[in-house]
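Since every read-out is calculated from the coordinates, none of them should be taken as a lab result. Worth saying up front: this structure is predicted, and the values here are computed from it rather than measured. Methodologically, a virtual Cβ is constructed for each residue, glycine included, from the backbone with ideal geometry; neighbour enumeration extends over all protein chains shown.
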Amino acid sequence: MNAFSQEVIDAAKREREVTFTTYGRKTGQPSDVTIFVVTHGDRLFIKSGQGMVRQWPQNLVARGEGVLHLGNTDVKVKPRHVTDPAEARMASELYESKYGSKFKGSQPDEALTPGEQATFELIPAGS
């Protein structure tokens, strides 16, 4: 499995907001959204705070591809939808650590938040 370069990981750690491009489920047309990104070692995670009702996560699942724009670097990615509750909560902890309590996740005895239900690990497209 290919891994992200250290340059990409460092940029994702540093950037507060990034642009993410998905492609329309029906049209195939590119669509940009501004999102937050977090890292865990050499892994990247994104999520939709409003859950799967937003267009971009639906497009990401349907098309299986996107482009993460980190400064002057464009990184083609494919998603892995995080379905394990413990992993989704771990990603929420990463978000809370980087962005503050606004991103507080659910507790183990609670249902996942909409954002936790729409959490994705990004994987290099060549993997």
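Descriptive notes on the structure:
- Close Lys pairs in the range 1-122, defined as Cα atoms under 30 Å apart and 8 or more places apart or on different chains, number 20.
- Mean-square fluctuations from a GNM of the chain, with a 10 angstrom spring cutoff on Cα atoms, peak among G41, G71, G100 at G41.
- Gaussian network model of the chain, springs between alpha carbon atoms under 10 Å - residue of A86, A111, A12 with greatest fluctuation: A111
- Ranked by how many other Cβ atoms sit within 10 Å of their own Cβ, fewest first, the residues F20, F103 fall in the order F103, F20.
- In sequence order, calculated HN-Hα J values of the range 119-124 (Karplus, 6.51, -1.76, 1.60; Hz; x Gly/Pro): 9, 10, 8, 8, 10, x
- Computed over every Cα-Cα pair of the chain and binned at 5 Å starting from 0, the pair-distance distribution P(r) comes out as 2, 12, 22, 25, 21, 13, 5, 1, 0 percent.
- Residues within the reach of a label modelled at D10 (point 7 angstrom out along Cα to beta-carbon, backbone nitrogen below 17 Å), restricted to the range 47-71, are 70-71.
- Label-point gap, in nm, between D109 and E87 - each point 7 angstrom along Cα→Cβ: 2.7 nm
- Helical content of the chain, expressed as a calculated mean residue ellipticity at 222 nm, amounts to -8500 deg cm²/dmol (DSSP H runs of 4 or more residues, -39,500 (n - 2.57) each, divided by residue number, nearest 500).
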